[in-house]
Every structure is written in structure tokens, then in C-alpha cells.
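Only one structure is covered here, and it is reproduced in the block below.
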Amino acid sequence: MKILIADDDDSFRESLKFMVAALGHEPVEAADGASAWEQFRSAKPLIVVSDWMMPGLDGLALCRKIREGFRGDYTYFILLTGMMTTRKDFLGAMEAGVDDFLTKPPDAETFRARLRVAERILSLTGRISRLESFLPICVYCRRIRREDGGYEALDAYLSKRSRLEFSHGICPACMAQHHPEEA
């Protein structure tokens, strides 16, 4: 799994990179928030481990940008801090979309445990996404069951929940079956 490590401290970033690789993951590095955003967009990591304080775009701003500007698989975000944070800081970070915190420097066992938690969460969110992608459709009339238990036409259901627009026509096989005089 790709894990983005964003930290402006070269030696600390190298240490985390080593731990990530030793755990069998693929580390992707960034020395500041702006390059982390670019790496995130190109590498599409599922986990981001970011320092809170970085030049330019800090860890919270990076997290907000990921949460607001990217649609795809869920990204688990671990925020690193050099000191214990206040309750207000903690709550603000959670509001920004941070999933977990680690105090710098994390020991290898704690880091490994936090990555395992991230993997479990990502596995569950992936499973939910797959389950939500199933459409409960009647095998006979091809209408779809709504959340309220009622049924509606496939095109109406999809139009309400997406940007899809439909144009209707008749395929040659149906034309021959239902309107043989015009086929």
C-alpha cells in the first residue's frame, strides 16, 4: 500500500520512510505541504502521515484539501505533532478531517499499530463502497428498490442520484419483438 510521508525534517522523513518500507508498504515522500498535495494527486496513497507544522501548506491545510478536493477511495490521515496539543487544537484537527495523531517521534511499535488500524478502517470503507455500489433490481421488471422499500424505473432512480441523463430508443431486437410490423 502507498503511504505518503509529508515532513520538512529530512532525517525524520527518512526514518519514517524506512519504517514504512520495513512494514512492506511503499513510501512516497514530500518535504512540504504543497509537494505533498502534488504527490497525493499523482501517487494516490491510501494513507497520509503528515507533520502538523510545515512551511507553506501545513498538515491541517493539507488534510482539508484532501477531504474537500479529492473524490476517490477514502484516505486515512495521520497527523504528526512535536508536542502534546491542546483540546482546542485536537478538536480543530478532527474537524479538519484528521483520523489519528502521533507525537513525534513515534516508536516503531506504535507506528506499526496505527498503520494496522488505518488498514482496518480502509478495508471497511472499501467494503462499504462495494456494497453501496450494488443496485437492488427486480429480475422481472428491472425496476430498482428505493431506500423506502418502493420501486421505481431504473432511469428515474439513476437520474436522481447522479448526473446521468437518458435518451430513450428501442434496440433492434426489441423493435422486432414488440413492433414486428415496423422492423
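Observations, loosely collected:
- Scope region 37-70; condition charged (D, E, K, R) and closer than 24 Å to G82 by Cβ; matching residues: D51, D58, R64, K65, R67
- So V48, is it in the same structural domain as A108 (by TED's automatic domain parsing), β-branched (V, I, T) and either part of a helix (DSSP H, G or I) or surrounded by fewer than 20 Cβ atoms within 10 Å (Cβ to Cβ) (or both): no
- Among the residues listed as R112, R120, the single one being of a type in the set (K, R), modelled with pLDDT of 85 or more, in contact with a Leu (Cβ under 9 Å, 6 or more places away or on another chain) and under 30 Å from M83 (Cα atoms): R112
Residue-by-condition table, conditions (1) in a loop (DSSP other than H, G, I, E, B); (2) in the same structural domain as T75 (by TED's automatic domain parsing); (3) aromatic (F, W, Y):
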site	(1), (2), (3)
V139	yes, no, no
D148	yes, no, no
S159	no, no, no
R163	yes, no, no
F166	yes, no, yes
I170	yes, no, no
A173	no, no, no
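- Restricting attention to region 93-106, the residues that are in a loop (DSSP other than H, G, I, E, B) and free of Cβ contacts under 8 Å to residues at least 40 places away in the same chain add up to 4.
- Subset of region 53-92 [buried (at least 21 other Cβ atoms within 10 Å of the Cβ) and either in a loop (DSSP other than H, G, I, E, B) or not aliphatic (A, V, I, L, M) (or both)]: M54, G59, C63, T75, Y76, F77
The values are calculated or read from the model by the stated rules, or taken from the named source; none is laboratory data. These numbers come from a predicted model, not from an experiment. Glycine also receives a Cβ, built like all others from the backbone with ideal geometry; neighbour counts cover every protein chain displayed.
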